[in-house]
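Comments concern the structure below.
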Amino acid sequence: MSVFQRLHMPPLDGATGWLNSEPLGPAGLRGQVVLVNFWTLTCINWLRQEPYVRAWSQAYRDDGLIVIGVHTPEFSFEHDIELVRKAVETRDIDYPVAQDNDYAVWNAFANHYWPALYFVDRDGIIRDEHFGEGRYEQSEHRIQ
């Protein structure tokens, strides 16, 4: 992402359902640091990344970080919100998760990857992004 780009966090109102939260959006998140994590149930890269995202959510929650998981299904069976709910419960994910069955949130972010991280500052500006696994130390520094 270029230093000269100042992209605002797009709306999340295209989500087809929410777990662990009422629907959220950029206006209600102003003043918070937000980490948006795109994932899908069967993505091995997400399964390896998720413990880091969960740990960051727990470690920095009291300092104003809000993690939002966006479950965008890759396969038809992943549209089932009950399978997503079971994955959230099994993995002890307690942060908000948007179910994005229609790819509305995915498209609003112009995302193309699982997993994907978008780092949003208190003013609602996307400051960084990362696709795939790795870069965990850099990502945590960005959150800090």
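Among the residues making up the stretch 88-105, those that are in a helix (DSSP H, G or I) and either of a type in the set (A, V, I, L, M) or open to solvent by less than 20 Å² (accessible area, probe 1.4 Å) (or both) are Val88, Ala104, Val105. Checked against (1) surrounded by 14 or more Cβ atoms within 10 Å (Cβ to Cβ); (2) without any contact (Cβ under 8 Å) to a residue 24 or more places away in the chain, His112 passes all but condition (1).
Residues considered: Glu133, Glu129, Glu137. Of these, the only one that is under 13 Å from the mean Cα position of the chain (by Cα) and open to solvent by 30 Å² or more (accessible area, probe 1.4 Å) is Glu129. When you look at Asp128, is it part of a strand (DSSP E or B) and touching a strand residue (DSSP E or B) at 6+ places or on another chain (Cβ under 9 Å), yes or no? Answer is yes for this residue. Of the set (1) in contact (Cβ under 8 Å) with a residue 24 or more places away in the chain; (2) within 16 Å of Ile125 (Cα to Cα); (3) open to solvent by 80 Å² or more (accessible area, probe 1.4 Å), all apply to Ala27 but (1). Taking the criterion of being in contact (Cβ under 8 Å) with a residue 12 or more places away in the chain, part of a helix (DSSP H, G or I) and touching a Gly at 6+ places or on another chain (Cβ under 9 Å), would at least one residue in the stretch 2-15 satisfy it? No, the conditions are met nowhere in the stretch 2-15.
Checked across the stretch 41-51, the condition of being among the polar types (S, T, N, Q) and surrounded by fewer than 16 Cβ atoms within 10 Å (Cβ to Cβ) holds for at least one residue. Taken as a whole, the condition of being open to solvent by less than 70 Å² (accessible area, probe 1.4 Å), over 15 Å from Tyr118 (Cα atoms) and either of a type in the set (S, T, N, Q) or under 12 Å from the mean Cα position of the chain (by Cα) (or both) applies to Ser21.
In the set His8, His79, only one residue is surrounded by fewer than 14 Cβ atoms within 10 Å (Cβ to Cβ) and over 22 Å from Arg135 (Cβ atoms); that residue is His8. For first residues located in the stretch 124-139 and under 14 Å from Val67 (Cα atoms), partners that are open to solvent by 20 Å² or more (accessible area, probe 1.4 Å) and at pLDDT 95 or above and lie 6+ apart or on another chain with Cβ distances below 7 Å form the pairs Ser139/His130.
The values are calculated or read from the model by the stated rules, or taken from the named source; none is laboratory data. What you are looking at is a predicted structure, and each value in this text was computed from that prediction instead of being measured. Note: ideal-geometry Cβ built from the backbone for every residue, glycine included; neighbour counts use all protein chains shown. When the accessible area is computed, the model is the full protein with side chains, heavy atoms only, and any ligands, DNA or RNA have been set aside. Shrake-Rupley method; radii C 1.70, N 1.55, O 1.52, S 1.80 Å.
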